[in-house]
Amino acid sequence: MTNPFTPGFMSYNENEPVLMTASELADYLGVGKNRAYELLNSGEIKGFRIGSVWKVAKAAVDQYINEKSGL
């Protein structure tokens, strides 16, 4: 399996942030905030908290999408 944090795993636009919040995750996936929090709390999407704020690497979200879509 390819390491999602290895440079070159996905091509990113320089203007896109590498980290996103739970709200941004919800928007990116097209789901509600509650579902985004469920994905984070269950560990389906890997993230971390700084205080009470979730941070998620875009690479982790893209990996989740690739795994779920069978790519």
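The values are calculated or read from the model by the stated rules, or taken from the named source; none is laboratory data. Here the structure is a predicted model, which means the values were calculated and not measured. Cβ coordinates were reconstructed from backbone atoms using ideal geometry, including for glycine residues, and neighbour counts include every protein chain displayed.
Is it true that some residue in region 47-64 is at pLDDT 95 or above and among the acidic types (Asp, Glu)? Looking through region 47-64, none of the residues is at pLDDT 95 or above and among the acidic types (Asp, Glu). Being assigned to a helix (DSSP H, G or I) and of a type outside the set (Lys, Arg) is the filter; apply it to region 31-40 and report the residue that is surrounded by the fewest Cβ atoms within 10 Å (Cβ to Cβ). Checking each candidate, the answer is Asn34. Does at least one position in region 6-18 carry a residue that is modelled with pLDDT of 85 or more, out of contact with any His (no Cβ under 6 Å at 6 or more places or on another chain), buried (at least 16 other Cβ atoms within 10 Å of the Cβ) and not charged (D, E, K, R)? Within region 6-18, none of the residues are modelled with pLDDT of 85 or more, out of contact with any His (no Cβ under 6 Å at 6 or more places or on another chain), buried (at least 16 other Cβ atoms within 10 Å of the Cβ) and not charged (D, E, K, R). One residue alone among Ala22, Ala26, Ala60 is without any contact (Cβ under 8 Å) to a residue 24 or more places away in the chain and either surrounded by 18 or more Cβ atoms within 10 Å (Cβ to Cβ) or under 9 Å from the mean Cα position of the chain (by Cα) (or both), and that residue is Ala26.
Can you spot a residue in region 41-49 that is in a helix (DSSP H, G or I), without any contact (Cβ under 8 Å) to a residue 40 or more places away in the chain and over 11 Å from the mean Cα position of the chain (by Cα)? Spell out the reasoning first.
Of region 41-49, the ones in a helix (DSSP H, G or I) are 41-42.
Now restrict to residues that are without any contact (Cβ under 8 Å) to a residue 40 or more places away in the chain: 41-42.
Those still in the list that are over 11 Å from the mean Cα position of the chain (by Cα) too: 41-42.
Scanning region 41-49 turns up at least one residue that is in a helix (DSSP H, G or I), without any contact (Cβ under 8 Å) to a residue 40 or more places away in the chain and over 11 Å from the mean Cα position of the chain (by Cα).
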